[in-house]
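Have a look at the structure below before the remarks.
The values are calculated or read from the model by the stated rules, or taken from the named source; none is laboratory data. This is a predicted model, so every value here is computed, not measured. Note that we place each Cβ from the backbone using ideal geometry, even for glycine, and neighbour counts take in every protein chain shown. For accessibility, only protein heavy atoms count, side chains too; no ligands or nucleic acids. Shrake-Rupley method; radii C 1.70, N 1.55, O 1.52, S 1.80 Å.
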Amino acid sequence: MEIKKSLLLILVLLCVVVMAPAQIGRPSSRKVTIPPEKSVPIRITRFDRPPVIDGKLDDEVWKQAAVFKDFLQTQPGDNIAPSRQTIVMIGYDSRFLYFGFHCFDEPNNVRATVAKRDNVFGEDNVRIFLDTFNDQRRAYVLGWNPLGIQQDGILTGGDDVDFSVDIVMESKGTLTSDGWTVEVAIPFKSLRYEAGKGKLWGLNIVRNFFRFNDEMDSWMPQSREIASQLSQEGHITGLEGISTERTLELIPSATVSETGTRVPALPPGATGLDPGRLVNEPLHFDPGLTMKFGITPTVTLDMALNPDFAQVEADETVITANQRFPIFFEEKRPFFLEGIEILQTPLQAVHTRAIVDPDAAVKLTGKRGRNTFGFLVASDNAPGNFSTDEKSDPVNARFIDKNAFIGVLRLKRDVGKESSIGMIATSYNFIEEHNQLLGIDGRFQVDPKTVATFQVIGTTSRRCFFAPEKNEHTPAPTDPCFVNEPTRNYYRQGNGFAYSGVYDFTGRNFGWIYQAQGQTQDYRADVGFTRRLNTNRQALYGRLSNDPDPKRKIISWRLQGGVDSNFDWQGHMQNWGAQPHLNLQLHRN
């Protein structure tokens, strides 16, 4: 009965959001006209010598650059004149792509700090969207604040940007008497791309003023009738004669350690205070090697032998007391970040943090034509790594110094102009724990305002399953689930199923999203991340908004709300909620 009520509530809201445009009148519409000079590809100039990256645009070579100007305010205004002018210059040579930004403003009003990498929001900044395959599905998002602090991420479909990715580039910014300037040099070997005669790259440039009501200025006009940013990009051409060097990067490491244990100093049976003594084990030498090989500008091979991730930023401390579900930690290790967007799917079938301490790993990722692929194999030492005390426990004898073997295969093909379909397969094997996963997924651009995505996954596992509905029992010591106390863990084979679906309509003044996701009780993705089992979630959200106008006292308003519900596969309600919101944008934020 509870599930019927929840689904009925979602159905009612669905009827409301579908019928809303007819009730409130036809939403306003404004045709966006692309100027003739921006509707054709802009040819980028090849520099005869590189500029000095010092934040000053005083090098003579910048006079040869292709110039991008006449920006338009797209937020809160709708393709109107910007508050301040912006001029961008682009050039290249055989090894680097160069950007020069001249952002006009009053120097005393420029907002800039020595921010942490990627944290350039909330202050003045410029960003480029660089679609190096011109497929309108994936783009680098590279940004800088007035001091040249860098931001880098990858946009894959929709508006989701993964800022965990870091690329190598050089940038410098400086304040000037008429605003601020930034110079950037991006090595081509830091990018994945297709270039040469006749090849096009998608491009858009955006400037953000925090103090001007979070104003956004765009080089290309942006229509609020179109949901996708990349489908509204401009294009550049002329990137020829690039040095396609097969880059080989080797990072060796070596760790020397010594551990000691305090043991009794007095013989057995002796009386008196035992001062103890420290017994050191032999020195332990731990070498490692990480390698990156750029086979082509579109394909990269990564290899690791006992890699050392000690230099990687540590996770923030999280209190896990009374935590019912696992906590997600993003990937930060460079070896796994290369091509990570290729392995990402709606159901997180792959989360490389599941590979904790690889003795050896090989990864091949890239794109050829319309086909994107990723292949990863690893031997993980972590599951068989026990402390000295744990090694003395006979229960752990069969696991000691054993490795888990992990494999991932990802294939995806572009379909049509902006759609794609793909498959993913993973395998995890460790002693008595085996998990195999196979799934298909797709993203379809139904029309300029509507996107539909889906994923379905099937899994089969041979492992310990927790069965709280069964009586406690004590497995035999040879049972893989033996834990020396009564338990409800049972070693068996289990087959699972998971699904995900999203239908997203994003109009100018009206939009709605329907989301559905679920996993059965025996679903396991041992190479991925799953927050909850035996659950289904249905959600529906709607939005109604006006056209922002920076001349009004209330620049914009947005009324949005939604309902969502969770229930298990046995028909029991787990939770439901409703979320109404009214957002007002006022001057000075």
State all residues of segment 35-63 that are within 23 Å of GLN222 (Cβ to Cβ) and acidic (Asp, Glu); if no residue qualifies, say none. GLU37
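How many residues are under 30 Å from VAL67 (Cα atoms) and not in a loop (DSSP other than H, G, I, E, B) when one looks only at segment 229-283?
7
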Of residues in segment 419-478 being basic (Lys, Arg) and within 24 Å of the chain's Cα centre (by Cα), the one surrounded by the most Cβ atoms within 10 Å (Cβ to Cβ): ARG443
Out of segment 321-351, which residues are open to solvent by 10 Å² or more (accessible area, probe 1.4 Å) and without any contact (Cβ under 8 Å) to a residue 40 or more places away in the chain? ALA321, ASN322, GLN323, ARG324, ILE327, PHE329, ARG333
Hey, ALA195 hits all of (1) part of a strand (DSSP E or B); (2) open to solvent by 30 Å² or more (accessible area, probe 1.4 Å) but one; which does it fall short on? (1)
Taking the criterion of being over 31 Å from the mean Cα position of the chain (by Cα) and surrounded by 12 or more Cβ atoms within 10 Å (Cβ to Cβ), would at least one residue in segment 245-261 satisfy it? yes
Given (1) at negative phi; (2) surrounded by fewer than 21 Cβ atoms within 10 Å (Cβ to Cβ); (3) at pLDDT 90 or above; (4) not small (Gly, Ala, Ser), where does THR132 come up short, assuming only one miss? (2)
Can you tell me which condition GLU60 does not meet? The list is (1) open to solvent by less than 50 Å² (accessible area, probe 1.4 Å); (2) over 17 Å from SER171 (Cβ atoms); (3) of a type in the set (Asp, Glu), and all the others hold. (1)
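Sort out for me the strands (runs of 3 or more DSSP E) sitting completely within segment 95-191 that have 3 or more residues that are over 19 Å from MET220 (Cβ atoms) and of a type in the set (Phe, Trp, Tyr).
96-104
Which of the residues spanning segment 215-242 are under 19 Å from ASN509 (Cβ atoms), among the aliphatic types (A, V, I, L, M) and crowded, with 19+ Cβ neighbours inside 10 Å?
MET216, ALA227, listed by residue number.
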Which residues, counting only those in segment 317-375, are at pLDDT below 95 and of a type in the set (Lys, Arg)? ARG324, LYS332, ARG333, ARG353, LYS367, ARG368, ARG370
Filter result for the condition that a residue is open to solvent by 30 Å² or more (accessible area, probe 1.4 Å), on the phi > 0 side of the Ramachandran plot and at pLDDT below 95, over ASN484, ASN489: ASN484
